[in-house]
Amino acid sequence: MQNQTYGTVLPSMMAYDRINAGLRIVLEQFRRGGANHAYLLTGAMGLGKRTFAKVLASTLFCMSEDKPCGVCEACRRVMSGNEPDVLEIYPEAGKQIPVDKVREVIRTVSQHAFGTGYRVVLIEPVEKMNAAGQNALLKSLEEPLSNVVFLLMTHELSATLGTIASRCVRIKMSPWPDELVQTALLAKGYAEDAVQRTVPLCGGNIGTALSLLEEDNNDEEIRSFVEASLSLSSDAAAVAVSTRLKDAKDKSDKLLAAVERAIHQTLLVKTGMLEESALEPLPAVWRQKSGSISLQSLNTMLEAIFCARRMRNAQVNWQSTVDQLMIKLLEEQTIWQQ
């Protein structure tokens, strides 16, 4: 029986591959058995980097002529994380990837493969490795082993060591066309009316679309945090929101991403790319004053949130980062609320 997740994702990913020439070329290399020793998939979180990496990996193990088929035992093992020759490294919530974990995986792939001869290492995101971990990885990239393929993923290319990036074939993941996002979401069983409301809000990011449909709409904490963050009118209110964010560090990236999406939606409405109805889920005070918000102010707030999320990933002092962010959000909201 075909893996449910693979069954819904593979057709959409293959359609995306036909649109993105870079992905198409790399996939063909894997089909011919001519994979390079290292690839770096770049692009915003939620564009499908991990899924495409698994599609590439399954291509190396697939037992069918039309690779990857998505139905053979090998494809199912790779996509479900049960293929012993495909090793995956991801950080624990709110933590970096330790060097010991990187070294352990490198030792494992230096041994004989269990099956076809290929061994694949997936690491996401590369920027979550500490300095020692990135240096350990760099040594393996400089002295590649036969039939070992590294599929590295980064949400923020500038945070990845240039020496690592320079030793990889770079694959840029771009936003999905709206029609493809809609097709993928309908294939996963979401209601058509919900999909139609969501697609214009996600900016071609399938991960954002899924988050809007599944998580944010059912998460009272996220909704409440967005409302508080977009209704700042005093120092006391800013301190209260700042405290909430500090106390929820493990969930902070999701909270900030939700606020970032709300501000970005407002920017799209202001520039005529979205209907005003897109602002209906946002706080009343924000909707009422949205006409007074300048594009410069919206961009300033977006930049402040982006910097805060980057600082968080870089393990910079979190309390100071949050305080600076709330000061900036309060400053901008105070201007257009007057």
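The values are calculated or read from the model by the stated rules, or taken from the named source; none is laboratory data. Remember, it's a predicted structure, so these values are computed and weren't measured experimentally. Counting neighbours? That spans all protein chains shown, and the Cβs are built from the backbone with ideal geometry, glycine included.
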Looking at (1) assigned to a loop (DSSP other than H, G, I, E, B); (2) under 18 Å from Gly207 (Cα atoms); (3) at pLDDT 90 or above, which is the only condition Glu83 fails?
(2)
Kindly indicate the residue of the stretch 28-50 that is within 15 Å of Arg119 (Cα to Cα) and assigned to a strand (DSSP E or B) and also farthest from the chain's Cα centre (by Cα) among those meeting that condition.
Ala38
Pull up the stretch 117-151, narrow it to residues that are within 23 Å of the chain's Cα centre (by Cα) and of a type in the set (Gly, Ala, Ser), then point me to the one that is surrounded by the most Cβ atoms within 10 Å (Cβ to Cβ).
Gly133
Pull up the stretch 191-216, narrow it to residues that are more than 23 Å from Asn313 (Cα to Cα) and in contact with an Asp or Glu (Cβ under 9 Å, 6 or more places away or on another chain), then point me to the one that is surrounded by the most Cβ atoms within 10 Å (Cβ to Cβ).
Val199
Does any residue of the stretch 51-68 turn out to be more than 23 Å from the chain's Cα centre (by Cα), outside any loop (DSSP other than H, G, I, E, B), surrounded by 14 or more Cβ atoms within 10 Å (Cβ to Cβ) and assigned by TED's automatic domain parsing to the domain that holds His155?
yes
Filter the stretch 82-111 down to the residues that are surrounded by fewer than 16 Cβ atoms within 10 Å (Cβ to Cβ) and under 19 Å from the mean Cα position of the chain (by Cα) and list them by number.
Tyr90, Glu92, Ala93, Gly94, Lys95
Could you count how many residues in the stretch 152-189 are more than 20 Å from Thr51 (Cα to Cα), within 17 Å of the chain's Cα centre (by Cα) and touching a residue at least 12 places away in the same chain (Cβ under 8 Å)?
2
For Lys270, are the conditions met, namely being surrounded by fewer than 16 Cβ atoms within 10 Å (Cβ to Cβ), over 19 Å from Ala44 (Cβ atoms) and basic (Lys, Arg)?
no
For the stretch 48-62, indicate whether the set of residues that are modelled with pLDDT under 90 and hydrophobic (A, V, I, L, M, F, W, C) is non-empty.
no
